[in-house]
Amino acid sequence: MDSGVNVIAGAGLSGLTLARELLDRGFQVRVLELRRRVGGISIIDGDARRILDKLSDIPVELEKAIVRVGGRTLAVSRSGVEGVVRGITAIGFRVPSPAELGILGDRPSGVFPFHVALDLTMEGLSIGRRIAIYGYNRYSVLLAEKLLEAGAREIYIIAPEKTPIKTPDHIEVLEGRVRRVKGVARVESVLVGSSILEVDTLVTAIFKTWNPFPNFDVVGHAAVEVYEPQALVETSKLLADNMACESNERIGVVVEGDIQVFPRVVRRCLKRILIARPRGGRVKVNGVSVDLSMGYAVVDVGGLSSVRISVEGV
Amino acid sequence: MERYDVVVVGSGIVGLLVAYELSKRGVSVAVVDENLEPGFGVSKGHASVIHVIQPPFSSLKSVLAVHGNKLYDRLVGELGVRYRRLKALLVASNAVQLAILPLLYIVLKLLYETRGFKVGIVGGRELRDVEPNVRGWAAIAVDGYAIVDSFDLIYKLFEACRSLGVVFHLGTRVTGVNVSQDCVDIETTRGSLKASFLVNAAGLNSDYIALQTGFKVRVEGRRGSMLVFDRLQVRNIVTPLVLLERRGTKGGGVIPTTWGHTIWGPNLASDISKGDRGVYHEDVAVLLRRFSRIVKVRGRIIKAYAGLRPTSHKGDFIIAYSPTSRRVVNIVGIDSPGLTAAPAIAVMVLDMLRKAGLKLGLKRRPPSLRYLSTRDKLVLGLSVQGDEGVIVCPCMSVSLADIARAVRGGARTLDGVIFRTKLAMGSCQGQHCLGRALIEFSRMTGVEPRYVVKGGEGSWIVE
Ligand SMILES: Cc1cc2nc3c(=O)[nH]c(=O)nc-3n(C[C@H](O)[C@H](O)[C@H](O)COP(=O)(O)OP(=O)(O)OC[C@H]3O[C@@H](n4cnc5c(N)ncnc54)[C@H](O)[C@@H]3O)c2cc1C
């Protein structure tokens, strides 16, 4: 594959906005998408779709997967295999496995990672009647709405910890950790804390960042745990600026506590960085207090040679 | 009514190997299994290790394990199954263990080398070279272990059996057996079958089938739990060096798989149950405590699963004719290391059937089942085209063509596709592929999505 072209893995909101930002700055790009559609999980997000609609002119190679095999990174499609040396991961969140989330017990049918629940629902298929969604965030609420529309009878969102987000009244939110699944053929119940919830379906909607491709830059949900569509757009702008920056000098970033900073490597000419903390709260950036109640903030770092970020009130 | 020379109850590793060896010798065979796919019993939830000897060393179990171990190279070569020989390293990671190492070395050398398995000592530096992730001062190395891709083995055996003419009655439960002078009548949930001989390889249910023919045995399920990590942590099987272990904490190791993952376990749970294949927090805690002392964790836990070992009341394998008739051969209590022993069990059972009057023909060549999956081709740097290039599961590089091959190979459930192709078995556990896999499986088989099941009856996926 031509090394002058920036290969973007994933045509979700961040992959597509990154493509637009890079094209605007005169870069060449190719956007590769595993699925037969674009939009990723933003497809059920009204705010995100308004942005996506404006990106429909960006060419996307559908059903073209980036895979890592035998120590190499390849782009594979119906028309063959291409080697990829460098690119940008925009493949979105990873949903940890039930075992990783501490959910043990039986292994019946009816336990779906978020994306599978979404893919099947988008195909017009009904994934269950009484559904527990584990994880309390923008996407679990959106999926709950979608499932209710698709005919699910009861939906419970299970929040592993207190999260400051609004939920519509018709969706019940329970607090606790899912510890076990019970069911021989199909899910019969899940154990939340010490109480049993009778459902036929469990959707895991807890999200983590990840980058399976070495030498790839990373953007969007694959890079930071943020939930506002605007935050994804910001990561694309920042990465594009960072890539356009000629200088190799860097701004030193020191972080204390559970704070994520984007991009990971901040070049000198980058004027702004994104700070994320899903739990919200306030942080201090070089002594200045910043509000993270939206889960993220973009702060000015122009002219600084180093930045120190810490959680306020700890 | 259909009549066969031999009906085998059970399509686990044992039943399949018996059917395979019989059909190679021109015997007409039917296999009956209550599950929708072969190998969905005990044989789907084990650790895939080909073991060496098993204490007590004079047991049938140990003798058959040693023999089975020696038969494996040929078996996997014949079928083209993924497989690798390796060592087991018993690692000393504290002063007490280091102190008992020399003594244990001498004992193991005596016991193992007379049976053809070499035993050596690995010093600290060499241990770090061979196993950079292992924390230990020294280790005893036992040769002759192997790891096998057991799903590959099960499904290649199934395909080989089918092309050798074995008839499979899947989704069919044996409810009764009637032995008379010149034949065996087998009642099932889908009609009856007649056979000259019956082989009972019914795993956890082998006691029930045995009882139908007047053979009183008892089988209990002993649970073992395992964790799977999405990266290789070791090259060999690694386990702490200990002399005596309490029940409940015993057993298992850190085991590499042929497809690049690592298994921790299995343990042996202290409670006994025939049905419960659930994983418990206590079992996971035991595994984490036991193995995080000796290996550095690499990768993420992607799965926790458990299996049930069918253990007989004697604690040993029981392979015997029914007391009233030599037309029935019972294979009862095939717990660990039954996968290892299975080829030797098949040899023994064939011999018993021959002695009971079954005529065995000359050995026929099995069909060649070698093929390259999309992942194999990509690893080898080969090009792929058409449906092979349409990747459904990016973590394991599984394509539409691989799913189509699974369907041609007889997959009737989504798990059947998963086990045959490794779809959804990688780091993202199906996040990007299970939706599409269901749609494509439905399209290829002509079964509507709402009638597709995950594994067993009633395991619907969508409505
Ligand atoms: C946790 C664990 C780890 C293990 N690890 C290893 C290992 O690393 N190495 C090793 O060598 N061994 C290992 N074993 C042992 C090995 O898995 C078993 O010995 C082996 O799989 C037994 O195979 P089988 O064919 O006898 O039984 P099964 O695979 O259970 O086959 C029996 C079949 O009979 C069918 N059946 C039962 N009743 C009826 C009926 N009435 N009608 C129709 N069909 C019926 C069942 O559906 C089933 O498919 C392990 C076992 C466990 C539980």
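The values are calculated or read from the model by the stated rules, or taken from the named source; none is laboratory data. Please read all numbers here as calculations on a predicted model, not as lab measurements. Every residue, glycine as well, gets a Cβ built from its backbone with ideal geometry; the counts of neighbours run over all protein chains shown. Heavy atoms of the whole protein, side chains included, go into the accessibility calculation; ligands, DNA and RNA do not. Shrake-Rupley method; radii C 1.70, N 1.55, O 1.52, S 1.80 Å.
Could you grab me the full set of residues in segment B:21-41 that are closer than 30 Å to B:G357 by Cβ, among the hydrophobic types (A, V, I, L, M, F, W, C) and either near the ligand (Cβ under 6 Å from one of its atoms) or within 14 Å of chain A (Cβ to nearest Cβ) (or both)? Matches in segment B:21-41: B:V32 only. Out of segment B:423-443, which residues are surrounded by fewer than 22 Cβ atoms within 10 Å (Cβ to Cβ) and in a loop (DSSP other than H, G, I, E, B)? The answer is B:S427, and nothing else. Looking across segment A:22-38, the residues that are more than 14 Å from every other protein chain (Cβ to nearest Cβ) and surrounded by fewer than 22 Cβ atoms within 10 Å (Cβ to Cβ) come down to A:L22, A:L23, A:D24, A:R25, A:G26, A:F27, A:Q28, A:V29, A:R30, A:V38.
Would you check which residues across segment A:166-179 are open to solvent by 50 Å² or more (accessible area, probe 1.4 Å) and touching a residue at least 60 places away in the same chain (Cβ under 8 Å) and list them? Hits for segment A:166-179 are A:R177, A:R179.
Filtered by the rule that a residue be assigned to a strand (DSSP E or B), free of Cβ contacts under 8 Å to residues at least 60 places away in the same chain and more than 9 Å from the ligand (Cβ to nearest atom), segment B:165-184 gives B:G176, B:N178.
Conditions tested, residue by residue: (1) more than 30 Å from B:M396 (Cβ to Cβ); (2) in the same structural domain as A:K182 (by TED's automatic domain parsing); (3) modelled with pLDDT under 95.
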| site | (1), (2), (3) |
| --- | --- |
| A:L197 | yes, yes, no |
| A:D200 | no, yes, no |
| A:N215 | no, no, yes |
| A:Q230 | yes, no, no |
| A:V233 | yes, no, no |
| A:V261 | yes, no, no |
| A:V265 | yes, no, yes |
| A:K271 | yes, no, yes |
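If you go through segment A:118-153 and pick out every residue that is closer than 13 Å to B:E463 by Cβ, touching a residue at least 40 places away in the same chain (Cβ under 8 Å) and at the interface with another protein chain (Cβ under 9 Å from one of its Cβ atoms), you end up with 3. Under the condition of being closer than 18 Å to B:Q233 by Cβ, in contact with a helix residue (DSSP H, G or I) (Cβ under 9 Å, 6 or more places away or on another chain) and touching a residue at least 40 places away in the same chain (Cβ under 8 Å), the residues counted in segment B:112-134 number 1. Between B:L90, B:L110, B:L98, the distinction of being open to solvent by 10 Å² or more (accessible area, probe 1.4 Å), outside any helix (DSSP H, G or I) and either modelled with pLDDT of 95 or more or not assigned by TED's automatic domain parsing to the domain that holds B:I209 (or both) belongs to B:L90 only.
Of the conditions (1) in contact with a Leu (Cβ under 8 Å, 6 or more places away or on another chain); (2) in a loop (DSSP other than H, G, I, E, B); (3) more than 6 Å from the ligand (Cβ to nearest atom); (4) open to solvent by less than 30 Å² (accessible area, probe 1.4 Å), B:V52 clears all except one; give me its number. It is condition (1) that B:V52 fails. Being under 21 Å from A:A222 (Cβ atoms), more than 7 Å from chain B (Cβ to nearest Cβ) and touching a Ser or Thr at 6+ places or on another chain (Cβ under 6 Å) is a property that holds for A:A90. Total residues in segment A:200-219 satisfying the condition of being buried (at least 16 other Cβ atoms within 10 Å of the Cβ) and either part of a loop (DSSP other than H, G, I, E, B) or of a type in the set (S, T, Y) (or both): the figure is 12. Does A:A222 meet the test of being open to solvent by less than 50 Å² (accessible area, probe 1.4 Å) and within 15 Å of A:G295 (Cα to Cα)? Criteria not met by A:A222. For A:K271, state whether it is touching a Gly at 6+ places or on another chain (Cβ under 6 Å), open to solvent by 10 Å² or more (accessible area, probe 1.4 Å) and free of Cβ contacts under 8 Å to residues at least 40 places away in the same chain. Judged against the criteria, A:K271 is a match.
Right, A:G71: at positive phi and more than 7 Å from every other protein chain (Cβ to nearest Cβ) or not? In short, yes. Filtering segment B:275-312 to residues that are away from every other protein chain (no Cβ under 11 Å), assigned to a loop (DSSP other than H, G, I, E, B) and surrounded by 15 or more Cβ atoms within 10 Å (Cβ to Cβ) leaves B:I294, B:V297.
The numbered conditions (1) under 27 Å from B:D387 (Cβ atoms); (2) outside any loop (DSSP other than H, G, I, E, B) are all true for A:G92 except (2). Going residue by residue through segment B:244-254, is there one that turns out to be touching a residue at least 60 places away in the same chain (Cβ under 8 Å), assigned to a loop (DSSP other than H, G, I, E, B), open to solvent by 10 Å² or more (accessible area, probe 1.4 Å) and among the basic types (K, R)? No.
Do you know which residues across segment B:423-435 are at the interface with chain A (Cβ under 7 Å from one of its Cβ atoms) and at pLDDT 95 or above? Scanning segment B:423-435 gives B:G430, B:Q431, B:H432, B:L434, B:G435.
What about B:S368, is it buried (at least 21 other Cβ atoms within 10 Å of the Cβ), polar (S, T, N, Q) and in contact (Cβ under 8 Å) with a residue 24 or more places away in the chain? No: the conditions fail for B:S368. Out of the residues in segment A:185-199 that are surrounded by 23 or more Cβ atoms within 10 Å (Cβ to Cβ) and assigned to a loop (DSSP other than H, G, I, E, B), which is nearest to the other protein chains (Cβ to nearest Cβ)? It comes out as A:V187.
Within segment B:440-461, none of the residues are within 14 Å of another protein chain (Cβ to nearest Cβ), without any contact (Cβ under 8 Å) to a residue 24 or more places away in the chain and within 25 Å of B:T258 (Cα to Cα).
Residues that are touching a strand residue (DSSP E or B) at 6+ places or on another chain (Cβ under 8 Å) and basic (K, R) were ranked within segment B:145-191; the one that is surrounded by the most Cβ atoms within 10 Å (Cβ to Cβ) is B:R162. Flag set for A:L120, criterion: modelled with pLDDT of 95 or more, in contact with a Gly (Cβ under 8 Å, 6 or more places away or on another chain) and in the same structural domain as A:V190 (by TED's automatic domain parsing). For the residues B:I334, B:I318, the requirement of being farther than 30 Å from B:H281 by Cβ, not aromatic (F, W, Y) and not assigned by TED's automatic domain parsing to the domain that holds B:E131 singles out B:I318.
Scanning segment B:1-38 for residues that are assigned to a helix (DSSP H, G or I) and of a type in the set (D, E, K, R) turns up B:E21, B:K24.
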